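The values are calculated or read from the model by the stated rules, or taken from the named source; none is laboratory data. Bear in mind the structure is a predicted one, so any value in this text is a computation, not a measurement. Positions of Cβ are backbone-derived with ideal geometry, glycine not excepted, and every protein chain shown enters the neighbour counts. Calculation scope for accessible area: heavy atoms of the full protein, side chains included, ligands and nucleic acids excluded. Shrake-Rupley method; radii C 1.70, N 1.55, O 1.52, S 1.80 Å.
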Amino acid sequence: MKERIITAIVAMALFIPLVWLGGIPFTLAIYALATIALYEILRMKQIRLVSIPGALALINLYVLLLPLKYEETLLGWTGHDKMTLVYVLVFMLLLYAVLVKNTFTYDDAAFVFFGMLYIGIGFYYLIETRMDGLIYVVFALLIVWTTDSGAYFTGRKFGKKKLWPEISPNKTVEGFYGGVLAAIVFAFVLNWLFPFADSLLQLLFVTIAASIIGQFGDLAESAIKRHYHVKDSGTLLPGHGGILDRFDSLLFVIPLLHFLHFV
């Protein structure tokens, strides 16, 4: 526990000032985090980042992360939007599979493409959300952190019924509801201090949806790790695992806020 707390304090001391600054420093930080996350997910399937498939995924990840305001400036000369360029990855990966005579398989190609999208879409919306306003990133982080803490402490105190033992044996139904309740309380406190929601009913709905989706984001990453027999996605954050282990919920919550037109 002590190691987890120290790591969390150091990580927050590095990350929060970048969130506050926004702009290019924040965008570059997200590019760096996304690069590490891609390395982590590829490693689960023993695909090196420093390889042709890894390089293709990294290039396309960087294209996918490109903020909307810079897209025309940096990609206009190609005559294509960035999603068209991302689709090219599919064909190049399949072509590579043919050239290496299926030592790199269709399953490998699908995994690389899926991993790039999974990481790229979530982190892209994180960049866009910060450009829309600091308060929305603070809200998303607050939902994730309070849900995680609420679920942990409620689960330890009252947890009896396992939520999804096949995927994450330590999570409980009681912890699940405790996490949602904690998120609601802190979301309303945040809105009381810095009003940003159109209505309290909207805030309640979005908070509940985001808290639930965030917990499923955590379970989704746990399912991937369990399938590939990996305990943690990485070792960068002692006591916490890797970047994916810390951002798995946020990668689900941030796109949801845009889907619900909350941002």
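Return yes or no: is VAL173 assigned by the TED database to the domain that holds ARG226, more than 17 Å from GLU221 (Cβ to Cβ) and at pLDDT 95 or above?
Judged against the criteria, VAL173 is not a match.
If the Cβ limit is 6 Å and pairs must be 6+ apart or interchain, which residue in the stretch 227-252 that is closer than 16 Å to PHE216 by Cα pairs with which residue that is in a helix (DSSP H, G or I) and open to solvent by 40 Å² or more (accessible area, probe 1.4 Å)?
Final answer for the pair search is PHE252/ILE213.
Quick one: how many residues across the stretch 156-178 are in contact with a Phe, Trp or Tyr (Cβ under 8 Å, 6 or more places away or on another chain) and either in a loop (DSSP other than H, G, I, E, B) or closer than 22 Å to ALA8 by Cα (or both)?
The total comes to 3.
Within the stretch 186-205, track down each residue that is farther than 20 Å from LEU260 by Cβ and among the aliphatic types (A, V, I, L, M).
VAL189, LEU193
Which numbered condition trips up PHE139, out of (1) within 22 Å of PRO255 (Cβ to Cβ); (2) open to solvent by less than 40 Å² (accessible area, probe 1.4 Å); (3) in the same structural domain as ARG43 (by the TED database); (4) aromatic (Phe, Trp, Tyr)?
That leaves (3) as the condition not met.
Which condition from (1) of a type outside the set (Phe, Trp, Tyr); (2) surrounded by fewer than 16 Cβ atoms within 10 Å (Cβ to Cβ); (3) in contact with a helix residue (DSSP H, G or I) (Cβ under 7 Å, 6 or more places away or on another chain) is the one that GLU72 breaks?
(3)
Sort out which residues of the stretch 206-222 are open to solvent by 40 Å² or more (accessible area, probe 1.4 Å) and in contact (Cβ under 8 Å) with a residue 40 or more places away in the chain, and write them in order of number.
ILE213
Identify, from the list ILE47, ILE30, the residue that is over 30 Å from LEU142 (Cβ atoms) and touching a residue at least 40 places away in the same chain (Cβ under 8 Å).
Result: ILE47 is the single residue among ILE47, ILE30 that is over 30 Å from LEU142 (Cβ atoms) and touching a residue at least 40 places away in the same chain (Cβ under 8 Å).
With the condition kept exactly as written, say whether any residue in the stretch 151-169 is farther than 24 Å from ALA223 by Cα and open to solvent by 20 Å² or more (accessible area, probe 1.4 Å).
yes
Tell me, which residue of the stretch 94-114 that is within 24 Å of the chain's Cα centre (by Cα) and surrounded by 14 or more Cβ atoms within 10 Å (Cβ to Cβ) is nearest to LYS225 (Cα to Cα)?
Here the answer is PHE111.
Considering only the stretch 53-67, I want to know if a residue exists there that is open to solvent by 30 Å² or more (accessible area, probe 1.4 Å), closer than 29 Å to TYR228 by Cβ and among the small types (Gly, Ala, Ser).
yes
With respect to LEU126, is the statement that it is closer than 16 Å to ALA197 by Cβ and either in a helix (DSSP H, G or I) or not hydrophobic (A, V, I, L, M, F, W, C) (or both) true?
No: the conditions fail for LEU126.
Within the stretch 105-123, track down each residue that is in contact with a Leu (Cβ under 8 Å, 6 or more places away or on another chain) and not in a helix (DSSP H, G or I).
none
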